[in-house]
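S.K.: My questions will all concern the structure given below.
None of the figures in this text is laboratory data; all of them are computed from the coordinates on show. Quantities reported herein were computed from a predicted structural model and do not represent experimental measurements. Glycine gets a Cβ as well: all are built from the backbone with ideal geometry, and neighbour counts include every protein chain shown.
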Amino acid sequence: MPEGHTVHRTANKFAKLFANKQLEVSSPQGRFTDSRLVSGQQLVSADAIGKQMFLFFEHAVVRVHLGIYGKWRFANFDDTAPVPVGQVRARFLSETAVADLVGPTACEVIDSDQVALVQARLGPDPLRQDLDGLELARFLAKAAKTRVAIGQFLMNQAAIAGIGNVYRAELLFRQGINPHLPTNLVPTELLEKIWQDASFLMQIGVKKGIMLTREGHLNGRPALADRYYVYKREGLPCRICGAEVSLELMSTRKLYWCRTCQK
DNA sequence: TACTCATGAGCAA
DNA sequence: TGCTCCTGAGTAG
């Protein structure tokens, strides 16, 4: 489920498994021909900003973006690495562990200048430590300048990095905000709440590996049907007021919301 | 077996 | 706004 929390979780796992190890990098599927540019190098670190992951090798960086379909598969082994299954774009192999990447939108080798370019176009990430409040300030500054609907604004990775369709719907529901409200008309206190809630929920997502958004259901592993307030619940009664949950398209993406709770 | 759908985003017009 | 790309799970027939 590739929203920002998945990517941060993967970066942590990658660092834990592979940091300071020499990796054999290959492309079983054949489409990641640049794998040879990093194969044989040590992995220095793994980092995530929003939905982008960066694998820093000694002399180059691998940038990965999962898109909708992308997935990582990790495995430990004693003697022989498991045979790749399906369309494995990239395989990262140490002596005892393997990470297979399937179906990413992007998997490429870039240099530090290109890393800086990608990072510059990304907005603040609620999962990055923000002790001095600068990330929040960046978010508020961007929000103050745009009349785009808040539902659309939250999907813009240059506005806030890491939010996807699920968190967008659930964050707006939790704060009772109409997704069509122009962003510059959303009171600052509410924008701050959205930011803090995103940070809170996404940290849970990183820890648990699944998206949880319902009060009283933030622990354990609730079934998919019990996990969200509005996401994928069109036509069903709102869990708070009982009104029918609405579904509409907002810039080609499905938007779920409750017209009664989100005035 | 064939078809549909999905948590995303870049690009052209 | 519409088209395109990427893969696999679920469902209809």
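S.K.: Describe numerically, in nm with one decimal, the distance between label points set 7 Å from Cα along Cα→Cβ at A:L185 and at A:C241.
M.R.: Going from the A:L185 label point to the A:C241 one covers 1.7 nm.
S.K.: How many angstrom lie between the Cα centre of the stretch A:55-86 and the Cα centre of the stretch A:4-20?
M.R.: 11
S.K.: Please get the size of the charge dipole for chain A, origin at its Cα centre, with Cβ charges of +1 on Lys and Arg and -1 on Asp and Glu, quoted in debye to the nearest 20. Let's see the in-between values first.
M.R.: Details: 33 positive and 25 negative charges, 166 e Å.
My answer is approximately 800 debye.
S.K.: Applying the Karplus parametrisation 6.51 cos²θ - 1.76 cosθ + 1.60 with θ = phi - 60° to the phi angles of the stretch A:62-68, what ³J(HN,Hα) value in whole Hz is obtained for each residue in order, glycine and proline being reported as x?
M.R.: Calculated HN-Hα couplings, in order: 9, 9, 10, 10, 6, x, 6 Hz.
S.K.: Right, next: For the charge dipole of the stretch A:1-160, defined by +1 on Lys and Arg C-beta atoms and -1 on Asp and Glu C-beta atoms about the Cα centroid, which residue among A:L43, A:P84, A:Q22 has the Cα displaced farthest towards the positive pole?
M.R.: Farthest towards the positive pole: A:P84.
S.K.: Next question. Among A:C261, A:C241, which comes first, then next, by fewest other beta-carbon atoms within 10 Å?
M.R.: Details: A:C261 20, A:C241 10.
With the fewest neighbours first, A:C261, A:C241 line up as A:C241, A:C261.
S.K.: Going by the alpha-carbon gyration tensor, a ≥ b ≥ c the square roots of its eigenvalues, is the stretch A:1-158 rounded (a/c under 1.5) or, if a/c is not under 1.5, prolate (a/b greater than b/c) versus oblate?
M.R.: Prolate, because a/c is 1.5 or more and a/b exceeds b/c.
S.K.: Taking amide H positions as placed in the peptide plane 1.01 Å from N, state which residues far from A:I49 in sequence (5 or more) or on other chains have amide H under 5 Å from it.
M.R.: Long-range HN contacts for A:I49: A:F54.
S.K.: What residues have an amide H closer than 5 Å to that of A:E244, excluding those fewer than 5 places away on the same chain, when H is modeled at 1.01 Å from N in the peptide plane?
M.R.: Long-range HN contacts for A:E244: A:C238.
S.K.: So how far apart, in nm, are the two label points at A:T33 and A:F74 if each is 7 Å from Cα heading toward Cβ?
M.R.: For the pair A:T33/A:F74, the computed spacing is 3.2 nm.
S.K.: Let me ask something additional. With the Cα gyration tensor of the stretch A:99-220 giving a ≥ b ≥ c as the square roots of its eigenvalues, does the rule (a/c under 1.5 for rounded; else a/b larger than b/c for prolate; else oblate) give rounded, prolate or oblate?
M.R.: Oblate.
S.K.: Enumerate the calculated ³J(HN,Hα) couplings along the stretch A:189-205 in order (Karplus 6.51 cos²θ - 1.76 cosθ + 1.60, θ = phi - 60°), each rounded to whole Hz, writing x wherever the residue is Gly or Pro.
M.R.: Using θ = phi - 60°, the values come out as 4, 6, 4, 4, 5, 4, 4, 5, 5, 4, 4, 4, 5, 6, 5, 4, x Hz.
S.K.: Hand me the trypsin sites (Lys or Arg not before Pro) from the stretch A:61-93 located in a DSSP loop with no more than 11 other Cβ atoms within 10 Å, in residue order please. Mind showing how you got there, number by number?
M.R.: Working: sites: A:R63, A:K71, A:R73, A:R89, A:R91; in loops: none.
Those that pass, being in a loop and sparsely packed, number zero.
S.K.: Once you put a point 7 Å from the Cα of A:E234 and another 7 Å from the Cα of A:Q42, both along the Cβ direction, what distance in nm separates them?
M.R.: Result: 5.2 nm between the two label points.
S.K.: Taking GluC sites (Glu not before Pro) as candidate sites, keep only those in a DSSP loop with at most 15 other Cβ atoms within 10 Å, then name the longest stretch of chain A containing none of them. Please report the intermediate quantities before stating the final value.
M.R.: On the way: sites that count: A:E58, A:E95, A:E215, A:E234.
Within chain A, the longest run free of exposed GluC sites (Glu not before Pro) spans A:96-214.
S.K.: Once you have a ≥ b ≥ c as the square roots of the Cα gyration tensor eigenvalues for the stretch A:1-43, tell me rounded if a/c is under 1.5, and otherwise prolate or oblate according to whether a/b is larger than b/c.
M.R.: Oblate, since a/c reaches 1.5 and b/c is not below a/b.
S.K.: Mind listing the long-range amide H neighbours of A:A60? Cut-off is under 5 Å, sequence gap 5 or more, other chains count too, H placed in the peptide plane at 1.01 Å from N.
M.R.: none
S.K.: For the stretch A:243-250, take each phi angle, set θ = phi - 60°, evaluate the Karplus expression 6.51 cos²θ - 1.76 cosθ + 1.60, and give the result in whole Hz per residue in order, putting x for glycine and proline.
M.R.: 5, 6, 6, 8, 10, 8, 8, 10
S.K.: About its Cα centre, how strong a charge dipole does the stretch A:108-191 have in debye, to the nearest 20, once Lys and Arg get +1 and Asp and Glu get -1 at the Cβ? All intermediate terms of the calculation are to be shown ahead of the outcome.
M.R.: Values: 8 positive and 9 negative charges, 90 e Å.
Dipole of the stretch A:108-191, to the nearest 20 debye: 440 debye.
S.K.: What full-extension length gain, to one decimal in nm, is calculated for A:Q175 and A:E108 as 0.36 nm per residue of separation minus the Cα-Cα distance? Mind dumping the intermediate values first?
M.R.: Details: separation 67, 0.36 × 67 = 24.12 nm, distance 3.81 nm.
Result: 20.3 nm gained on full extension.
S.K.: Suppose every Lys and Arg Cβ carries +1 and every Asp and Glu Cβ carries -1, with no other charges. What dipole size does the stretch A:145-263 come out with about its Cα centre, to the nearest 20 debye?
M.R.: The calculation lands at about 200 debye.
S.K.: Taking the Cβ of each residue in A:Y69, A:Y231, A:Y167 as the centre, tally the other Cβ atoms inside 10 Å and list the residues starting with the fewest.
M.R.: A:Y69, A:Y231, A:Y167
S.K.: Quick check on the exposure proxy: order A:L17, A:L117, A:L154 from fewest to most C-beta atoms within 10 angstrom.
M.R.: A:L117, A:L17, A:L154
S.K.: So, one more: Starting from the Cα of A:K13, draw a straight line to each of the aspartates and glutamates and keep only those under 12 Å, dropping any in the same chain fewer than 8 residues away.
M.R.: Correct list for A:K13: A:D47.
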